[in-house]
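Peer 1: Below you'll find the structure I mean.
The values are calculated or read from the model by the stated rules, or taken from the named source; none is laboratory data. These figures come from a predicted structure and were not determined experimentally. Reconstructed Cβ throughout: ideal geometry from the backbone, glycine too, with neighbour counts over all protein chains shown.
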Amino acid sequence: MEIVKEINEMCPIKNAHSFGASPIPEEGKWIQAKEIKDISGLSHGVGACAPQQGACKLTLNVKDGIIKEALVETIGCSGMTHSAAMASEILCGKTLLEALNTDLVCDAINVAMRNLFMQIVYGRTQSAFSDNGLPIGAGLEDLGKFKTSQVGTTYSTELKGTRYLNLTEGYITKMALDNDGEIIGYEYINSGKMFDLIDKGTSPEEALKQSLKTYGRFNEGVKFVNPRRS
């Protein structure tokens with residue numbers, strides 16, 4: 001290690017005692033993290049690509065510095081979904097530091113990884129105060145019973161108003177309007193439930209019927225609009 005002359009000629013002064021790193025909450029414990037293996041927790045990070053064409057929500061479950069579970073959710077360009085497929089193969093089994101310095105294919109996923117890293121090494125995790133953290137599989141449970149991301153897609157213009165296309169409940173087929181032309185409810189298909197029924201042998205027609213539900217005051221509507229056609 002090279003030291004410049006001015007430093008070598010200084011008289012030594014003893015630094016005050018250091019108590020080490022400030023402890024952070026990890027899985028029900030207070031940890032003085034000094035190495036990557038000291039880091040555990042489940043957390044989320046969100047990132048966007050440089051041209052802001054899409055975004056990624058990344059969820060990692062880390063145990064002793066090793067990524068044990070990864071959930072990659074993206075919205076945006078078509079290439080981003082394929083990047084998510086590759087990132088899911090890359091992440092598990094790596095240390096948190098390896099993942100931070102690995103090309104995760106899509107810029108949005110890389111940014112999400114950076115943001116998640118900051119969350120988890122500062123102890124800002126979903127499992128910070130949970131004894132022993134969350135089990136492997138907790139990320140999957142975030143998706144719910146039908147294992148699909150919670151996606152909302154709406155579109156509007158000043159001229160023609162809003163169109164609900166897809167909300168938490170599912171794929172919107174009709175919007176109910178009142179006498180003033182305002183939305184008071186909607187009909188939707190729970191696509192996760194429908195495909196689950198078809199997979200179990202139910203006919204597509206019956207599966208569609210069982211998966212068709214309404215929300216709000218749909219039955220009080222005086223006009224019904226297909227958001228994709230009118």
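Peer 1: Only residues that are modelled with pLDDT of 95 or more and in contact with a Ser or Thr (Cβ under 7 Å, 6 or more places away or on another chain): list them for segment 91-107, please.
Peer 2: Passing the criteria: only 94.
Peer 1: Also, quick follow-up: Condition first: among the aliphatic types (A, V, I, L, M), touching a residue at least 12 places away in the same chain (Cβ under 8 Å) and part of a helix (DSSP H, G or I). Now tell me which residues in segment 187-220 satisfy that.
Peer 2: Of everything in segment 187-220, those that are among the aliphatic types (A, V, I, L, M), touching a residue at least 12 places away in the same chain (Cβ under 8 Å) and part of a helix (DSSP H, G or I) turn out to be 194, 197, 207, 208.
Peer 1: Within the bounds of segment 72-80, is there any residue that is over 27 Å from residue 194 (Cα atoms), crowded, with 18+ Cβ neighbours inside 10 Å and at pLDDT 90 or above?
Peer 2: There is no residue in segment 72-80 that is over 27 Å from residue 194 (Cα atoms), crowded, with 18+ Cβ neighbours inside 10 Å and at pLDDT 90 or above.
Every residue, every condition in (1) without any contact (Cβ under 8 Å) to a residue 60 or more places away in the chain; (2) surrounded by fewer than 15 Cβ atoms within 10 Å (Cβ to Cβ), yes or no:
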residue: 84; (1), (2): yes, no
residue: 89; (1), (2): yes, yes
residue: 109; (1), (2): no, no
residue: 116; (1), (2): no, no
residue: 125; (1), (2): no, no
residue: 138; (1), (2): no, no
residue: 142; (1), (2): no, no
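Peer 1: Just need a number here: residues in segment 144-158 that are part of a loop (DSSP other than H, G, I, E, B) and free of Cβ contacts under 8 Å to residues at least 60 places away in the same chain.
Peer 2: 8
Peer 1: Can you confirm whether residue 77 is under 25 Å from residue 148 (Cα atoms), over 16 Å from the mean Cα position of the chain (by Cα) and touching a residue at least 24 places away in the same chain (Cβ under 8 Å)?
Peer 2: Judged against the criteria, residue 77 is a match.
Peer 1: Pick out the one residue from 184, 172 that is among the hydrophobic types (A, V, I, L, M, F, W, C), touching an Asp or Glu at 6+ places or on another chain (Cβ under 6 Å), part of a strand (DSSP E or B) and surrounded by 12 or more Cβ atoms within 10 Å (Cβ to Cβ).
Peer 2: 184
Peer 1: Out of 16, 50, I need the residue that is modelled with pLDDT under 95 and in contact with an Asp or Glu (Cβ under 9 Å, 6 or more places away or on another chain). Which one?
Peer 2: Within the list 16, 50, the selection yields 50.
Peer 1: Got a sec? Which of 202, 214 is in the same structural domain as residue 157 (by TED's automatic domain parsing), surrounded by 12 or more Cβ atoms within 10 Å (Cβ to Cβ) and within 22 Å of residue 151 (Cα to Cα)?
Peer 2: So the residue among 202, 214 that is in the same structural domain as residue 157 (by TED's automatic domain parsing), surrounded by 12 or more Cβ atoms within 10 Å (Cβ to Cβ) and within 22 Å of residue 151 (Cα to Cα) is 214.
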